[in-house]
Every structure is written in structure tokens, then in C-alpha cells.
Amino acid sequence: MQRATEGLHRALLYGFKKYVGEDLTDEENSCIKKYVTELGRIESSVFWRNHHNVIAFLSLPNKNNKSMEINLHRSLMTYNNFYEMYVLLLDGTGSLAKMVKLFSTSTLFKNTTVGYYSRLLLGNAFVFNKENIKSVKSCINYLNHKKIDNIQMVYFQIKKTNCKVYRELFSAFELLGLTSEENYKDIDYSSTSESMFILSYLLSDFDEDLSFEFLLSGVDHGIMRMNSRKDTLADEILIGSFEILLQNHWISKEQAYVYVDKLIDIAITLNNNNVANRVSEMLIKVLIRTNFEIAFYCYKKLIKFENLSNELHREVAGTMVDLGLPLTEVVECIMNFDAYFDNYNQKTNWYYFYGKIEVYLILAMSDFYSKKEHAEVFENIRNELDGLDNSGWGRELYSSEYQSYSRLCERFSKPVDVEEKKEAEYNMTPILSNTEKVDLTKFINELDSEEKLEQFFTDFDFKYCVDALEHYECLISKMLDLFGNIDMLINHMRENRYPDMTHLKKNSKYLYLGIVAALANGTAKQQMVNYLINEGGGHDSNLELMKVYEELGDKNMCLNLFKSLINDVNLFVY
């Protein structure tokens, strides 16, 4: 950290030296170039960490108007150019109108990260320029006439920076034009609630009543809405619950299609409202495991509305091969792979090539396809390997793909022109074998004192994998024998906020089996029912209770819980 700070101090010192017109030595130029290159490698982190202005300042041209040759992400170059216009404006040699014209006409500033931060920079330009108030207000009128998306971020930055300038530039008339729904409903990088709060802030100088109304609406909208980043209600919980119905064949094929259409609409709505989610990905994967006909229907429908991951394209294409679908249809699916640019590695993403190679290898080894088709696919594999190599990833295949490719090279009398890639090594948590599970059941049965049972619960998530119904059946039987109740299990669930949360401890995801075992035990049942009634709600509870009733074979209860969950999601999404 200290070395990074020293590097910044030196780079900024040389940057200011360049800015005031002094010549830099090769060593000083090299210092700036090295720092900018390292700092600007990943687009998202540059803006998120507020490094963009530092990079833009250090990238300014010298007194001879010569810029350093630095390879940065396109969006950073766009911001650097806009920042250079801002600096010229501050020096009195630039024009606010030129900045406004570029901002309003270039597509690079629309619904992008660089567009969001350029709005903030433009707000500063309105405050710190040296032009007369008339020309500045003309630029405001120009922007209003152009109807720029999320323009309130520019106005917000003006007021945040200088309230006096803000009051000189605006009146209630300009601001009332921003109060229509299309100006604040989930636009760009701002949620509806955030936009409402910004409008409340902007209006407070001119219309207190309307300002207060937007403030309350923003609070209300934020309460009745899923978190924009990490909420799993619509994907993990809802799709997991849907999988239970599909696995047990508790809904007809026609009902499944109806629910799939509903889930697709939820996914599209979440995406349109900037709520990060994995509904599409999880839904297709669940359907691949249960009914590929519906999965392919879902895939073809969703691909029209969003960019699905290359991993998902590979999974769909691979399943098509397993089912022996025509080669032309498989290739059509493969063509959906996205050749997006990997910002971190500064080249086309690795899986664009490797995922296609995986599918083609499965094709070439499948007896569903003819020798002629195998030969065609083999050439496709070699072309993708060339693409992988030419993009800078090298000619390497992991062991499984390497073995398959080697056999194909032998079949077609071609040399093996790839290297075997080493698999990454990870420290995996050991999985208990069936023998160990039997031993755990035996161990629980041998707990012959209150102290030993209490110690078992103390070590519950540290020493044991309690993942079988028989474990919980034995535990409940042992608790009833020693204590006459199941308080220890109830207290453990309460301490781990179960069934509200399932990720706090190692065994949390298996605690539904404890509920099953308790409900199946005549003596323990009522105590567990009381706990579920009083404390059994929460975020993950629908899915957890569906798992319980799935174990108990209660179809109707699972259907009712799923319908209830759909209604909850509707409330938050629409």
C-alpha cells in the first residue's frame, strides 16, 4: 500500500510539472505511463475506485499537444478526451458549449459507466467555467431541449458543488420537466428510488411540497423493491422452488409452460429495471435437468431479450448434442457465443473459443453424427484453436479435452498441435463417505448424557456434516430421551436464523431435514409447529418449507407455497 501511494505521489508530481508546461525526462514520462497503465487496466474498478480523474489528469497532453501512447480501455479514452475539454474550459481556452454538444450527440455517453461519470464532470464544468451566466444558461436550455437521459445527475452535481450557482441557473419550470415517470424510473445507473431522492433534492429550493412528495415516494419505492444487487428471492428461491414442482412431476407440461412464461417476464422486468439477477441462467439450467423441450423454448425466447452467458450457450449446445439434434441446429446455437472483450486480460474472452471447442469435441465423439459431419466438426475445432492462439491464449486444452482431441487427431491422421493444460489445484472441503455417515448415526445413538449431547451441538457445524434425515431422526429421539423436548434443535435453528437464512453455517442448508424429522415424530411435532408459526418466516422460508413438504410428499402444500412465493415476487418486481 505504501509503495502504491509513493507511486501515485511521484506520478502526480510529474503530472503537475507537465501541466504547467515543463518538459519531462524519459524517466518521468515512464513513471506516469507505468502508473496509468497499471491503474487503468480494469475499466469497472477505475470508475468504482474513483481513479478516473487521476488517470485523465495524468494522461493530458504536454505543452506541444502530444499525448502519451498508452493502451487503455475505450471508455477510459473517451473519459480522458472529455476531461481534456474540461481542463481547457478551466484554463479559459475551451468552450462549455463544445462539451455540451459532444455530450449530447455522442452515443458513448448513453447508458454506460463512462456516461454516468461524464455527467458528474459536466456538472462541475457548469460550476467552474469562466463564461458569462447567459451563455451557461443557454447550454442548460440546449440540454433540456435534447431530452438527455438521466440529466438530473448533471443538475445534482451542480447543486452539490455550488448551491448559489444552481439557484442562478435553474427555475421551477426547468425542473418540473423532470418529474414525468420516464425521467426517473430505473434509468441508466440510478434506481427509481435514487432518482426520486435526487429530484427531491433538486426541487427543494423551488417547490417544498413536491420535493417532500418525491422524498416519501422514494422511501416507499425502496421498501417495496428488491435489492438491486444481491437479493436472491426471484432467482435462487423462486427457481429452486419451481424445480421441486418439476422434479416431482406435480405440474402438467401445460402448467410448466405457463409458469416459464411468467418467470421469463420476471427476468426481463428485473433486467429492464437494473436489478441484477440470475433468473434466466438458473431457469434454463433447471429446465435442462428436467425437460429440455421447455428449456430450449425458454432459451430461444430469452436470447431475444438479453445476453446469456457463454457457459449457458455451451450447456444448451452440449445437451442438444447429447440428444442427437441435427448438426445445423447445434451450430446455430454455437453461433450465439459472445466474443466480448475481456477487460482484465485485454483480449477476446477465453471461453468464447474454449466453450465452442468443448461442444465440437462432444459432437466429434458422438455416434449420433456421420463420419462426414465428424470431419467437418474436426476442422471447426482446429479453426477455434487457431482463434484461441491468435487471441493470445495459447494452444492449450485441459486433460479431458486434450485426450478427446488427441484421439481425433489420430483418427484423421493429423499431428497433435496443442499442449495439455494443467488443472488448477484447490483445497476442497472433504466430503464424508457413506461409511462416515453411518458412523455419525452410530455416534449420535451412543450419546448417553446431557453433557455429551450439548457438546455435540457445540461442535455441530465445525466437526460434523449432518446431512441425512436419519441423523436428525436420531438426534430428536436422543433429545426426547434425555430432555423430554427438542429445545436444543430449536435453539440451534434460532441462533442460525433458520429458516430465514440458509448460508450462515455449514449445516444450515440441511436443517430442513430436522423439521421433517420433528414433524414425523408425534412427541416433537407440536413444538416444531409452534416454532415455525412464531419464528418460521423470513427470506428463504418458502423454499425451505417446500423442501420439508417435498420430503413429506405433500404436493398440495408445495403448490400453495409456490403460488404464494410467486405473489410475493410480483409485489416486489412490478
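Annotations
- Per-region count, region 518-574, residues of a type in the set (Gly, Ala, Ser) and open to solvent by less than 30 Å² (accessible area, probe 1.4 Å): 4
- Close Cβ contacts (under 6 Å, 6 or more residues apart or on different chains) running from residues in region 465-487 that are open to solvent by less than 50 Å² (accessible area, probe 1.4 Å) to residues that are part of a loop (DSSP other than H, G, I, E, B) and not hydroxyl-bearing (Ser, Thr, Tyr) comprise Cys465/Leu432; Val466/Asn507; Ile476/Ile486; Ile476/Asn521; Ile476/Ala524; Lys478/Leu447; Met479/Ile486; Ile486/Ala524.
- The lone exception for Leu327 - which of (1) open to solvent by 50 Å² or more (accessible area, probe 1.4 Å); (2) touching a residue at least 40 places away in the same chain (Cβ under 8 Å); (3) under 20 Å from Val316 (Cα atoms) it fails: (1)
- One residue from Lys347, Lys372 being more than 31 Å from the chain's Cα centre (by Cα) and open to solvent by 40 Å² or more (accessible area, probe 1.4 Å): Lys372
- Output for region 330-344, where each listed residue is surrounded by fewer than 19 Cβ atoms within 10 Å (Cβ to Cβ) and closer than 25 Å to Thr290 by Cβ: Glu332, Asn336
- Among the residues making up region 52-61, those that are open to solvent by less than 50 Å² (accessible area, probe 1.4 Å) and not aliphatic (A, V, I, L, M) are His52, Phe57, Ser59, Pro61.
- Only one of the listed residues (Asn507, Asn534, Asn542, Asn530) is more than 22 Å from Phe456 (Cα to Cα), of a type in the set (S, T, N, Q) and under 33 Å from the mean Cα position of the chain (by Cα). That residue is Asn542.
- Exactly one residue out of Gly15, Gly7, Gly94, Gly21 is part of a helix (DSSP H, G or I), modelled with pLDDT of 75 or more and of a type in the set (Gly, Ala, Ser): that is Gly15.
- When Lys147, Lys160, Lys101, Lys130 are screened for being of a type in the set (Lys, Arg), loosely packed, with under 14 Cβ neighbours inside 10 Å and within 27 Å of Val54 (Cβ to Cβ), only Lys130 passes.
- Residue in region 246-253 that is in contact with a Phe, Trp or Tyr (Cβ under 8 Å, 6 or more places away or on another chain) and β-branched (Val, Ile, Thr) present: yes
- Considering region 381-405, the residues that are in contact with a strand residue (DSSP E or B) (Cβ under 9 Å, 6 or more places away or on another chain) and polar (S, T, N, Q) include one that is surrounded by the most Cβ atoms within 10 Å (Cβ to Cβ), namely Ser404.
- Output for region 293-324, where each listed residue is open to solvent by 30 Å² or more (accessible area, probe 1.4 Å) and under 19 Å from Glu254 (Cα atoms): Glu293, Phe296, Tyr297, Lys300, Lys301
- For region 532-543, the condition of being polar (S, T, N, Q), on the phi < 0 side of the Ramachandran plot and either touching a strand residue (DSSP E or B) at 6+ places or on another chain (Cβ under 9 Å) or modelled with pLDDT of 95 or more (or both) holds for none of the residues.
- Of all residues in region 420-452, those that are at pLDDT below 90, hydrophobic (A, V, I, L, M, F, W, C) and part of a helix (DSSP H, G or I) total 2.
- Residue match in region 62-81 (condition: in contact with a helix residue (DSSP H, G or I) (Cβ under 8 Å, 6 or more places away or on another chain), more than 20 Å from Gln346 (Cα to Cα) and buried (at least 17 other Cβ atoms within 10 Å of the Cβ)): no
- Residue under evaluation Asn71, criteria (1) in contact (Cβ under 8 Å) with a residue 12 or more places away in the chain; (2) in a helix (DSSP H, G or I), criterion not met: (2)
- Residue within region 116-127 that is out of contact with any strand residue (DSSP E or B) (no Cβ under 8 Å at 6 or more places or on another chain), in contact (Cβ under 8 Å) with a residue 24 or more places away in the chain and outside any helix (DSSP H, G or I) present: no
- Of residues in region 491-512 being aliphatic (A, V, I, L, M) and buried (at least 20 other Cβ atoms within 10 Å of the Cβ), the one nearest to Glu236 (Cα to Cα): Leu511
Let's see how each residue does on (1) in a helix (DSSP H, G or I); (2) free of Cβ contacts under 8 Å to residues at least 24 places away in the same chain; (3) farther than 30 Å from Asn507 by Cα; (4) in contact with a Phe, Trp or Tyr (Cβ under 9 Å, 6 or more places away or on another chain):
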| site | (1), (2), (3), (4) |
| --- | --- |
| Tyr344 | no, no, yes, no |
| Tyr354 | yes, no, yes, yes |
| Ile362 | yes, no, yes, no |
| Phe378 | yes, no, yes, yes |
| Leu385 | yes, no, yes, yes |
| Leu388 | yes, no, yes, yes |
| Ser400 | yes, yes, yes, no |
| Gln403 | yes, yes, yes, no |
| Val416 | no, yes, yes, yes |
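The values are calculated or read from the model by the stated rules, or taken from the named source; none is laboratory data. In this text the structure is predicted, and so the values were computed from the model without any measurement. As a convention, Cβ positions derive from the backbone with ideal geometry for all residues, glycine included, and neighbour counts pool all protein chains shown. Ligands, DNA and RNA are excluded from the accessible area calculation, which covers all protein heavy atoms including side chains. Shrake-Rupley method; radii C 1.70, N 1.55, O 1.52, S 1.80 Å.
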